[in-house]
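Take a look at the structure below.
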Amino acid sequence: MSRSTLVTGIAELTTNDPETGERHRDPGDRLLGTVRDAALVVRGGVLEWVGAGAHAPDADARVDLGGRAVIPGFVDSHTHLVFAGDRGAEFAARMTGVPYDGGGIRASVAATRATPDDELRALVARRMGEMRAQGTTTVEIKTGYGLTVAEELRALRIAREVTPHTTLLGAHVVPPEYAADRAAYVDLVTGPMLAAVVEAGGPALAAYVDVFCEPGSPHAFDGDEARAVLEAGRRAGLGLRVHGNQLGPGPGVRLACELGAASVDHCTHLDDADVEALTAARGTTVATLLPGVEFSTRSAYPDARRLLDAGVDVALATDCNPGTCYSSSMPFVIALAVRELRMSPAEALHAATAVAARSLGLDRRVAVGRPAELAVLDAPSHLHLAYRPGVPIARTLDL
């Protein structure tokens, strides 16, 4: 039988379980299920006991965290880690006012297609290492920088080596070779590409299908094209995710809610009907906000407060990608959410753990019987994630 480890000296434990936490305290504590002066026992990677340190049982080994905070590991539910190339010059141009319209994705497609498998694997491994060093324990990875059947399958296979949470984003942009025949590319994605993913054999290469629905961009997909991709993905047995309403108003959010997508991401430009649709879809469709994108494109931030006050399920993720947010840091995203999206520190942490997990069909609570996917902060409280922006205080807790 595997050895048990007792972790003590936890000044503040975030459980995401209101039944465990100190409900008599402030709303943030109730939301996070906070336990102070806590301890926990882990055996074989599973939580065996959680509670007040004064009542902790014996264990085979003991780790004293010396008054640090422990939180659930961050769930980064929107990333594009399988890519090669550099777009730093594009970032510099945006900082001088050049707008983003999605066209730079083609540069990453060219670089990724030209990169051998082993080099791509090494790049993905390095980015995953960055994430774990900052407290992220669960990652979703999208394709979208291959845009041929063979290249999208290659990206999925490489992503699948590091996470089970993989998404086919063949409908990222229309590749140059199809610029004169968009319909033919949509047919490729909804036909041979999806069929190849589903028929690849072994564990499913993709759990979800996604589409960049932005009618205002000449490179992305309009509402009808996005619907075709999503409905084909659903027929193929995949879950749905949507890039929607990033660059301007559009049908993406309402389409995601209508079709029961697990998440619609960006949600920057919303009208009342979009918010009403997201409210009605609570429990099914999560609104995943990606404030690192607005930081990196010098764009207006989404209004999380409006969504939260309407009862919408709000998650946070990095959107780590080479063009619009080359950051792997969930603590940075939390700091932006508190400063720019009008979220409280507790709401931001909950969004980056519990709600992001929900969008992937996971339950990210610190409770008996759950996986011990945890992060430790070099600080006494989760408040320091926003209070000390840019300081590397979070890391995964490996036991």
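Listed values [x] 29, 56, 15, 0; [y] 23, 33, 22, 17, 5, 0; [z] 24, 50, 24, 2 include one computed from this model; for P(r) over Cα pairs in 20 Å bins from 0, in percent that value carries the label [x]. Calculate one ³J(HN,Hα) per residue across region 55-61 by plugging θ = phi - 60° into the Karplus curve 6.51 cos²θ - 1.76 cosθ + 1.60, and present them in order as whole Hz with x for glycine and proline. Values, residue by residue: 10, 5, x, 6, 8, 6, 9 Hz.
Stokes-Einstein diffusion of region 143-230 at 10 °C, 1.306 mPa s viscosity, Kirkwood radius from Cα pairs, rounded to a whole number: 122 µm²/s.
Only Cα sites of region 248-399 enter the Debye sum here, all with the same form factor; the resulting log10 I(q)/I(0) across q = 0.15, 0.20, 0.21 1/Å is -0.78, -1.30, -1.40, listed in q order.
With N counted as the residues of region 201-280, its alpha-carbon radius of gyration over 2.2 N^0.38 Å works out to 1.08. Label-to-label distance for ASP272 and ALA180 is 4.7 nm, based on points extended 7 Å past Cα in the beta-carbon direction.
With +1 on each Lys and Arg Cβ and -1 on each Asp and Glu Cβ, and nothing else charged, work out how big the dipole of region 192-309 is about its Cα centre, in Debye to the nearest 20.
Value, rounded to 20: 300 debye.
Expressed as a fraction of 2.2 N^0.38 Å, the value expected for a compact globular protein of N residues, the C-alpha radius of gyration of region 359-399 is 1.38.
Largest first, the extents of the alpha carbon coordinates of region 274-321 on the three principal axes equal 31, 18, 14 Å. Pull up all non-local amide H partners of GLY170: gap of 5 or more, or a different chain, and H-to-H distance under 5 Å with H placed in the peptide plane. Placed amide hydrogens put ASP210 under 5 Å from GLY170. Return the whole-Å distance between the Cα centroid of region 76-125 and the Cα centroid of region 1-57. After rounding, the separation between the Cα centres reads 40 Å.
For region 25-115, the percent of C-alpha pairs falling in each 10 Å distance bin, counted from 0 to the bin holding the largest distance, reads 11, 26, 17, 12, 24, 9, 0.
Considered as an equivalent ellipsoid built on the Cα gyration tensor, region 141-295 has semi-axes of 24, 18, 14 Å, the largest given first. For GLU19, the accessible surface of its heavy atoms amounts to roughly 130 Å² (probe 1.4 Å, protein chains only, rounded to the nearest 10). Springs between Cα atoms under 10 Å define the GNM used for the chain, and in it the highest mean-square fluctuation of ALA220, ALA379, ALA93 occurs at ALA93.
Annotation for ARG342 and ALA89: the two label points, set 7 Å from Cα along the Cα-Cβ direction, are 4.0 nm apart.
Overall form of region 85-146: oblate. Here a/c, set by the Cα gyration tensor axes a ≥ b ≥ c, is 1.5 or more, and a/b is not larger than b/c. For the chain, the longest principal axis of the Cα atoms and the long axis of helix 149-160 meet at an angle of about 0 degrees. Among HIS165, HIS55, HIS243, the order of accessible area from largest down is HIS55, HIS165, HIS243, computed with a 1.4 Å probe on protein heavy atoms.
Ranking GLY292, GLY67, THR396 by how far each Cα lies toward the positive end of the dipole of the chain (charges on Cβ) leaves GLY67 at the top. Computed on protein heavy atoms with a 1.4 Å probe, the accessible areas place ASP181, ASP37 in the order ASP37, ASP181, largest first. Between the C-alpha center of region 361-398 and that of region 133-199 there is a gap of 31 Å. Taking the empirical scaling 2.2 N^0.38 Å for compact globular proteins as reference, region 48-90 has a Cα radius of gyration ratio of 2.19. Entry note: region 57-165 has Rg to Rh equal to 1.12, where both radii use alpha-carbon atoms and Rh is the Kirkwood radius.
The values are calculated or read from the model by the stated rules, or taken from the named source; none is laboratory data. Given the structure is predicted, the values throughout are model-derived calculations rather than measurements. A quick note on method: Cβ atoms are made from the backbone with ideal geometry, for glycine too, and the neighbour counts reach across all protein chains shown. Remember, those area values only see protein heavy atoms, side chains included, never the ligands or the DNA or RNA. Shrake-Rupley method; radii C 1.70, N 1.55, O 1.52, S 1.80 Å.
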